[in-house]
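Take a look at the structure set out below.
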Amino acid sequence: MFLSIAALSAPTFAGDGSRTPKPVIEIDTPGKCIAPADEMRRNHMEMLKHQRNLTMREGVRGEPASLNECISCHASKKTGSVHQEGEFCQSCHAYAAVKLDCFECHQPRANFKTSASKPGIKP
Amino acid sequence: MILTQNARLESGLFYLLAGLGSLVIAIGIGTALYMEHSGHIVTGMNNQTVWGLPHVFAIFLIVAASGVLNVASIGSVFGKKIYKARAPLSGLLALGMLAGGLTVIMLDLGRADRIIVAATHFNPTSVFGWNVILYPGFFAIVGIYLWTLMERRMNEYSHIAGLAAFIWRLLLTTGTGSIFGFLVARQGYGSALLAPLFIILSFAWGLAVFFVVQAAICVWNNRSLQENIFSRMRNLLGIFVAATLFFTAILHLTNAYFAKNVGFESFLLFNSEFSAMFWVGQVLLGSLLPIYLIYSPAGNKRGWITIASLLIIFGAFCQLYVFIIGGQAYPLDIFPGYDVTSSFADGAINHYTPSVPEFFLSIGGIGIAFTVTVVGVRLLRVMPRQEALEKLEEDDSDGAA
Amino acid sequence: MSDSKHNAQPELPGKAQTNPARRAFIAAAGVGVAGLGFTAIAPGLHLMAVGEANAATGIATRKPGEAASRAVRWGLLVDINKCAPGCTKCVEACHTENGVTEKLADPRQASQWIRKVELTDRRNGKKTELPMMCQHCANPPCVDVCPTGASMKRADGIVLVDRHSCIGCRYCMMACPYKARSLVHLPLTEQNPLVPRGQGCVESCTLCVHRIDRGQQPACVEQCPEGAMTFGDLNDPSSEISKRIAATHTTQVRSDLRLDVGVRYQGI
């Protein structure tokens, strides 16, 4: 639901962003995206939502639309992330004022490795 | 002159009470935001006791909400006009308490921000799923019922609306009891008796709440309850409380009869922090003493019945605490015949201590019920006029004769 | 051993199928896992043949875009006679693999996807230990009670929580007879990219679904130094797990509930 609001509002706001600074879109790893930029801007949320349901509920893997694949190309070279201020996902979502809650569960850093440790007990 | 002074005083009292209620709500909502931000780590709840104090308060409010509507049902469905005069107050209280209870439940969710998902995704096999239909439906039906009662042109439909509300509230309490009745894993739950038990609990708790509110409004408006309605409602309250004791006794007796549940019952009733709460709080102070007060000569005094009602409400909280927290405190019997230990408190009694945020969130629900009632009573004129009541009493006694 | 495991990790089955170089690489990594994880440590277990990308485990991977199949039912067999006292390798493997690394003061509030349970027989005092986790029931109570359908069973029998629709009501935790589920009690930032998990949602053992979909075994099975756990397809009579269940006496925990669990124990 929130995502479809984004789809409608993002192009409208993009036109007259005089007061709000325009989002920073720096792609450190240039290459071909799975669809043209226009389509990605408008539909990336639908692609991800569609894919999330397929992968999560039906076990479909290896399709082109994948959050981890987005991150691996679009993560900032410096921090490896898409979610901190000024980074790929965050800057545009902040500009469009659309809450981005993917990263409350998904890891926003590319190739992130969790540390091995004994959980549950305070060291 | 005196009249204006009274009105001003009353108005001041209203703003004081409404302000107090709003403050409690604000504390509750602030706490919910804090819990949302920090996670459930700031509560006393954990992976063993997954439902805590907020659920005790919320379930009390929800169960009593459906019960408090009975006063209206007796009027509309069973044709007792003297009760019908109290139907608007009964409906208002029901809405306020349900709103309070549901708000607490929803704000305690791990992802309260996603509550809309509960409406957009429906699982027909879930009792919670049924409740997603039952609770909003209750708001709608009671709202329509109140309308038929208070709008003169709609009065003729109040009987059918009252009947619908009565049936719906029975379904709703069945749904609440069945949240636990349909649980196979834990020994304190999983009994078909829980649905009827919750219905009878709602009768008793709802009427007790109604008595307290009615007494407060009478004090506020400086008048007293008529003998006729008072003695009828008092006797009804006594019967309801006795019935809750009966159902409670059957529940524990059947459970204790099954060898697999003997350990749990002896824990709950005799060897735990819940035992005193059960025997002293729920049985003695919450049931036996109120029954004594109701049927002894003390029962003729309005004040003693208010005290009996307060005791019943106290007993209700004890009962829900024993039922909800106590039911989760006893370890799951995953490996019958073995003593079990693990890093995850397998085989261990879980000691739950409610935290301050949980308490604030919980009383926020009471604050909502209180504020809705105070504002509603002032705006909607839900209390019957004295003259009208006297006339109704005559009508009713004619009918009885 | 863990190195070769990590090397294989970022590869998705789709790419493995389409890119011959990567495919060969995975095969090599997979054989590495097989060599270290099984042939050396648990010579008794040889359910794999070498040659395919997924040959190390004998687990059939699906083509990209292909959904999990109803014909398969994944299961685990735990031989508790082999489960070593005091050993928590499976727990560590699980929590490392799934990024369950947060520290909490109260262990009862921490997520425990798998735990070691110590049993003492009341009749003779005999002590045994076993790992306990989501039993992946065929008739899961958690799925029945979930109001939003977030608790779900995948076609191949893996019981999962769809965190996109989990509202954190904890009804599933009340309903689970195995205490298999945990609520995430605090905000998280250290997730494994392949295992999303976060505050306010309920979670439990996924049977390492992200590994299974790549043709790998669950981390606990792979890392058990005693070879006490066998993973495979319960629906395939020729699978190692099915043969063993047919040949020996195995137990379903709380079999009285008739949940038809996917995790079986041998030696209780």
Item checked: Max mean-square fluctuation residue, GNM over chain B, Cα-Cα springs under 10 Å, options B:PHE122, B:PHE370, B:PHE60 -> B:PHE122
Item checked: Sequence of A:GLU39, C:GLU203 once ranked by neighbouring C-beta atoms within 10 Å, starting from the fewest -> A:GLU39, C:GLU203
Notebook entry, point to check: If Lys and Arg each add +1 and Asp and Glu each add -1, what is the summed charge of the other residues whose beta carbon sits under 10 Å from the beta carbon of C:ALA68?
Noted result: +1
Next item on the list: Please compute P(r) over all alpha-carbon pairs of segment B:90-218, binned at 10 Å starting from zero, and give each bin as a whole-number percent.
Entry: 11, 34, 37, 15, 2, 0
Next item on the list: Answer rounded, prolate or oblate for segment C:69-266, using the Cα gyration tensor with square roots of eigenvalues a ≥ b ≥ c: rounded when a/c is under 1.5, else prolate when a/b is larger than b/c, else oblate.
Entry: rounded
Next item on the list: Give me the distance in nm between label points sitting 7 Å out from Cα along the Cα-to-Cβ direction at B:THR353 and B:ILE239, one decimal.
Entry: 4.6
Checklist line | Bins of 20 Å from zero: percent of alpha-carbon pairs in segment B:15-400 | finding: 27, 58, 14, 1
Notebook entry, point to check: Distance in nm between label sites at B:LEU16 and C:SER69, each 7 Å beyond Cα in the beta-carbon direction?
Noted result: 7.7
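Which order do B:ILE41, B:ILE116 fall in if you start with the one that has the fewest other Cβ atoms within 10 Å? Intermediate results must be reported in sequence, preceding the final value.
Values: B:ILE41 21, B:ILE116 11.
Ordered from fewest to most neighbouring Cβ atoms within 10 Å, B:ILE41, B:ILE116 come out as B:ILE116, B:ILE41.
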Notebook entry, point to check: Among B:PRO336, B:PRO196, B:PRO357, which one moves the most in a GNM of chain B with springs linking Cα atoms closer than 10 Å?
Noted result: B:PRO336
Next item on the list: Quick one: which residues, 5+ away or cross-chain, put their amide H under 5 Å from the amide H of C:VAL117? H built at 1.01 Å from N.
Entry: C:LEU130, C:MET132
Checklist line | Amide N of segment B:87-105 lying under 16 Å from the label point, which is placed 7 angstrom from the Cα of B:TRP220 along Cα→Cβ | finding: B:87-97
Check: When only alpha-carbon atoms count, how far does segment B:31-111 stretch along each of its three principal axes, as whole angstroms with the largest first?
Finding: 52, 23, 15
Next item on the list: Read phi for every residue in segment C:119-124 and hand back ³J(HN,Hα) as whole Hz from Karplus 6.51 cos²θ - 1.76 cosθ + 1.60, θ = phi - 60°, with x for Gly and Pro.
Entry: 9, 10, 5, 5, 7, 10
Next item on the list: Excluding residues on the same chain fewer than 8 positions from B:LYS301, give the lysines whose Cα lies under 25 Å from its Cα.
Entry: B:LYS80, B:LYS81, B:LYS84, B:LYS391
Next item on the list: With unit charges on the beta carbon (Lys/Arg positive, Asp/Glu negative), name the residue among B:ALA32, B:ALA259, B:GLY326 whose Cα is farthest towards the positive pole of the charge dipole of chain B.
Entry: B:ALA32
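Report the charge-dipole magnitude of segment B:15-400 in Debye, nearest 20, computed about the Cα centre from +1 at each Lys and Arg Cβ and -1 at each Asp and Glu Cβ. Display every interim value, and only then the final one.
Working: 20 positive and 19 negative charges, 168 e Å.
Taking the Cα centre of segment B:15-400 as origin, the dipole is about 800 debye.
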Next item on the list: Arrange the following residues from fewest to most other Cβ atoms within 10 Å of their Cβ: B:TRP220, C:TRP74.
Entry: B:TRP220, C:TRP74
Next item on the list: Springs between alpha-carbon atoms under 10 Å, Gaussian network over chain B: tell me which of B:GLY299, B:GLY326, B:GLY365 tops the mean-square fluctuations.
Entry: B:GLY299
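Restricting attention to segment C:112-204, which trypsin sites (Lys or Arg not before Pro) occupy a DSSP loop and are surrounded by at most 12 other Cβ atoms within 10 Å? Walk me through the numbers before you get to the answer.
Details: sites: C:ARG115, C:LYS116, C:ARG122, C:ARG123, C:LYS126, C:LYS127, C:LYS153, C:ARG154, C:ARG163, C:ARG170, C:LYS179, C:ARG181, C:ARG197; in loops: C:ARG122, C:ARG123, C:LYS126, C:ARG154, C:ARG163, C:ARG170, C:LYS179, C:ARG181, C:ARG197.
Qualifying residues, ordered by number: C:ARG122, C:ARG123, C:LYS126.
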Next item on the list: Could you tell me which of B:ILE41, B:PHE198, B:SER224 has its Cα farthest along the dipole of segment B:15-400 towards the positive end, charges placed at Cβ (Lys, Arg +1; Asp, Glu -1), taken about the Cα centre?
Entry: B:SER224
Notebook entry, point to check: Considering the dipole of segment C:69-266 built from charges on the beta carbon (Lys and Arg +1, Asp and Glu -1) around the Cα centre, which of C:GLN217, C:SER182, C:LEU160 is farthest to its positive end?
Noted result: C:SER182
Notebook entry, point to check: Once the piece of chain linking B:LEU284 and B:ALA26 is laid out straight, how much longer is it, given 0.36 nm per residue of separation minus the C-alpha distance between them?
Noted result: 89.4 nm
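Taking the Cβ of B:TYR338 as the center, what net charge do the other residues with Cβ under 12 Å away carry, scoring Lys and Arg +1 and Asp and Glu -1?
Working: positive: C:ARG122, C:ARG123, C:LYS126, C:LYS127; negative: B:ASP333, B:ASP339, B:ASP346, C:GLU118, C:ASP121, C:GLU129.
Local net charge: -2.
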Margin query: Looking at the calculated P(r) for segment B:225-364, what percent of the C-alpha pair distances fall above 24 Å?
Written below: 45
Notebook entry, point to check: What is the Å³ per residue value for the convex hull set by the Cα atoms of the protein assembly as shown?
Noted result: 192
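Note down the net charge around C:ARG163, summing +1 for each Lys or Arg and -1 for each Asp or Glu among other residues with Cβ under 15 Å from its Cβ.
On the way: positive: A:LYS49, A:ARG52, A:ARG57, B:ARG111, B:ARG114, C:ARG154, C:ARG170, C:ARG181, C:ARG197; negative: A:ASP101, A:GLU104, B:ASP113, C:ASP162, C:GLU203.
Neighbour charge sum, excluding C:ARG163 itself: +4.
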Check: Placing +1 at every Lys and Arg Cβ and -1 at every Asp and Glu Cβ, with all other atoms neutral, what dipole size does the protein assembly as shown have around its Cα centre, in debye to the nearest 20?
Finding: 60
Check: Per-residue HN-Hα couplings for segment C:201-208, Karplus 6.51 cos²θ - 1.76 cosθ + 1.60 at θ = phi - 60°, whole Hz, x for Gly and Pro?
Finding: 9, 8, 9, 6, 3, 9, 6, 6
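At R0 = 41 Å, how high is the FRET efficiency between B:GLU227 and B:ILE160 if r is their beta carbon distance? Nearest 0.05 is fine. It would help to have the intermediate numbers written out before the result.
Numbers: r = 32 Å, r/R0 = 0.78.
The pair B:GLU227/B:ILE160 has a calculated efficiency of 0.80.
Just so you know, all these numbers are worked out from the coordinates, no wet-lab data involved. These figures come from a predicted structure and were not determined experimentally. Positions of Cβ are backbone-derived with ideal geometry, glycine not excepted, and every protein chain shown enters the neighbour counts.
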